[in-house]
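The values are calculated or read from the model by the stated rules, or taken from the named source; none is laboratory data. It should be emphasised that the depicted structure is a prediction, and the values quoted were computed from it without experimental measurement. Don't worry about glycine lacking a Cβ; one is built from the backbone with ideal geometry, like all the others, and counts go over all protein chains shown. For the accessible areas, the whole protein counts, side chains as well, though only heavy atoms, and no ligand, DNA or RNA atoms are used. Shrake-Rupley method; radii C 1.70, N 1.55, O 1.52, S 1.80 Å.
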Amino acid sequence: MGDFREMNPSSYKYRLLLVSFLFFFITGCVGNDKHRLIVDGELDLSGWSFEKDGVVNLDGQWEFYWNDLLTPEDFTALSPPEMTGYINLPAPWNGYSVSGKEIGADGYATFRLRIRNVPGSGDMALRISEVYSAYRLWVNGKKVAASGSVANRWDVEVPHQAITIAGISSSDEVLELVLQASNHNFWSGGVVSSLWFGPEQMVRSKQAFKWGVILFIAGCLVMMSVYHLVLYLFRSEDAAYLAFGAYCLLWTCCIVVSQLSDQIIQVLFPEVSWSAIFRIGQISFYLTIPVLAMFFRLIYPNETPLKLVQLYLVVGVSFSLLALLAPVETVSYWMNVYNIFTAFFIGYAYYLLGRAAKRGREGALFILSGGAVMGLSGVNDMLHNMHVIHTAYIFPFGILIMALFQSFALSLRFTRALTTVENFSVEMGRKNVELSRMDRLKDEFLANTSHELRTPLSGIIGLTESLRDGAAGGLPVKAIEDLSMVTSSARRLSSLVGDILDFSRLKN
């Protein structure tokens, strides 16, 4: 197999795109379970097998009672409450038509469902999550789950989000579920995630698997973050490592806060309120885009305009301050505005990365492929939320793949830099060998030259001194002065030859 460093980008770009496609296809098919939809507020499980078909999602038409917080006793009264209509869950109640007018996110309601012909026997369970902003749930008149404090006014409601698995008894012929929900703190209200129903052990195992996957993704992001932050400590002149490490940490915080807050944060820090956890998650999300923009600027300065980085830095910091200081409901309503900025950035980032890849910039194709995977996973989750497709939430996988591909790009730069150093070391070694050979030649040349010069100079000095001293009385003064000058010049030349010999002993 050839050296990876010598691969032509055109030889592996199709492999990267193929991996991206396979990832989206495979993960998009995960969770494509069988469904049995609720019709007119009832779910008939005749013919359903939990062993074969798995846990059932309580999706479909629930009875809907708008602006009524009803209890099971209200449905057994002589004058039962008047139903507003049926609402398809999971979905926010925003936009639901009541008396010809679409309702907004703010309000409260009661949902009701009857489940008939539950197969098997034994302990059953309901898994509830993402009911905004607070809820209470009864099964056959018994309160089995609650989150926050349901109220008809914003100043009384206590918002809270947690994944709850409530054990219930299925001995009755019909299971009646009555769910109260109120929302005065979030941009969408109601039940926005499927309720699971099935044997308790099966429900808990499915949830544990989901938590395990999220922990795996978070752990991978933490390891990548620590690795690149340590690289930055040893190589502080390359700030790209710092930006990438911070990017991974921010996404780790987002995932843990949104998916595992009730399993990690509220267990370790029970005094932390839900609103504080929500703010932390939003600030982490708001800062991911500016940090990513700075990362692109550091590795592709010619393709990433500085003004773009400055713009998203200002936007990210501004929204972070909003999330820190504003009321929760205000922060929630501004989330969609930031999502618009995010969509524009992602689109422009694809353009920048495409241009960088076309120019042959190192790692651009890796990051572009990872961004495509993350974008596809985001589209999948959006369509899943809109009930256009029935797949699974895979955006955390998309984030992980994006981070992995960015890590590959940085590793490619590091590998190229290491290769350059290795080649430079080899070249320096070769030059040192040549210099050593030249040193030997120099030593031989200078030694021979000094020997050939010193011998006649010694003779000249001896002859001139003899002539000057032996015939001092018979020579004119001018002749004696000339002989002295010859002797003096010969001595200077002899001293210079000595210096040349000293120089010949120097190395390199």
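Dipole of the range 147-246 computed with +1 at Lys/Arg Cβ and -1 at Asp/Glu Cβ about the Cα centre; of Gln180, Leu195, Ile168, farthest Cα towards the positive end is Leu195. Summarising the amide proton neighbourhood of Ala125: residues at separation of 5 or more, or on other chains, whose placed amide H is nearer than 5 Å comprise Ile168, Gly198, Glu200. Across the range 336-346, rounded Karplus estimates of 3J(HN,Hα) from the backbone phi angles (6.51 cos²θ - 1.76 cosθ + 1.60, θ = phi - 60°) give 5, 5, 5, 4, 5, 4, 4, 4, 5, 5, 4 Hz, Gly and Pro being marked x. Less than 5 angstrom separates the built amide H of Gly60 from those of Ile38, Leu89, all sequence-distant by 5 or more or on a different chain. Beyond 24 Å, what share of the Cα-Cα pairs of the range 41-186 is found? Please give it as a whole percent. Counting pairs separated by more than 24 Å, the tail of P(r) holds 32 percent.
Rg/Rh, computed from the Cα trace of the range 104-158 with Rh as the Kirkwood radius, has the value 1.04. Database remark: amide H of Leu43 closer than 5 angstrom to the amide H of Arg114, Ile115, Arg116 (H placed geometrically; neighbours at sequence offset of 5 or more, or on other chains; Pro and chain starts carry no H). For the range 212-317, the solvent-accessible area of protein heavy atoms averages 45 Å² per residue (probe radius 1.4 Å; ligands and nucleic acids excluded).
Using the scaling law 2.2 N^0.38 Å as the reference, what is the normalised Cα Rg of the range 49-121?
Numbers: Rg = 15.1 Å, N = 73, 2.2 N^0.38 = 11.2 Å.
Compactness ratio reported: 1.34.
Ranked from largest, the principal axis spans of the Cα set of the chain equal 159, 49, 41 Å. Placing unit charges on the Cβ atoms of the charged side chains and taking the dipole of the chain about its Cα centre, the candidate lying farthest along the positive direction among Ser49, Leu441, Pro476 is Pro476.
Just so you know, the Rg over Rh for the range 141-244 is 1.19, from Cα atoms, with Rh as the Kirkwood radius. Mean separation of Cα pairs under 8 Å and 6 or more residues apart, divided by the residue count, gives the chain a relative contact order of 12 percent.
For the range 207-218, backbone phi angles converted through the Karplus equation (6.51, -1.76, 1.60; θ = phi - 60°) give residue-by-residue couplings of 5, 4, 5, 4, 5, x, 5, 5, 5, 4, 5, 4 Hz, Gly and Pro being listed as x.
Largest first and in whole Å, the equivalent-ellipsoid semi-axes of the range 411-463 read 50, 7, 4, each the square root of five times a Cα gyration tensor eigenvalue. Work out the P(r) tail for the range 276-373: percent of alpha carbon pairs separated by more than 22 Å, whole number. In whole percent, the long-distance tail amounts to 34. Per the Debye formula on identical point scatterers at the alpha carbon atoms of the range 199-276, with no solvent, log10 I(q)/I(0) at q = 0.17, 0.27 Å⁻¹ is -0.76, -1.12. Counting every Cα pair in the range 236-302, what percent are over 17 Å apart? So the pairs more than 17 Å apart make up 48 percent of the total in the range 236-302.
The calculated FRET efficiency for the pair Leu453 and Glu237, based on their C-beta separation and a Förster distance of 51 Å, comes to about 0.45.
Calculated from the alpha-carbon coordinates, the range 317-366 shows an Rg and a Dmax of 16.2, 47 Å respectively.
For the range 206-329, the percent of C-alpha pairs falling in each 10 Å distance bin, counted from 0 to the bin holding the largest distance, reads 13, 34, 34, 16, 2. May I ask which of Lys142/Lys206; Lys101/Lys210; Lys101/Lys143; Lys52/Lys210 have a Cα-Cα span longer than 28 Å here? Cα-Cα > 28 Å for Lys101/Lys210; Lys101/Lys143; rest within. Taking the Cα centre of the range 160-250 as origin and assigning +1 to Lys and Arg Cβ atoms and -1 to Asp and Glu Cβ atoms, the resulting dipole is close to 280 debye.
Both numbers refer to the Cα atoms of the range 427-493; Rg and Dmax are 20.5, 69 Å. Our coupling estimate for the range 237-248, obtained by passing each phi through the Karplus curve with A = 6.51, B = -1.76, C = 1.60 and θ = phi - 60°, is 6, 9, 6, 4, 5, 5, 5, 5, x, 5, 4, 5 Hz, Gly and Pro reported as x. Contact order, relative form, for the range 245-364: 24 percent (alpha carbon pairs under 8 Å, 6 or more residues apart, mean separation divided by residue count). Taking the Cα centre of the chain as origin and assigning +1 to Lys and Arg Cβ atoms and -1 to Asp and Glu Cβ atoms, the resulting dipole is close to 1780 debye.
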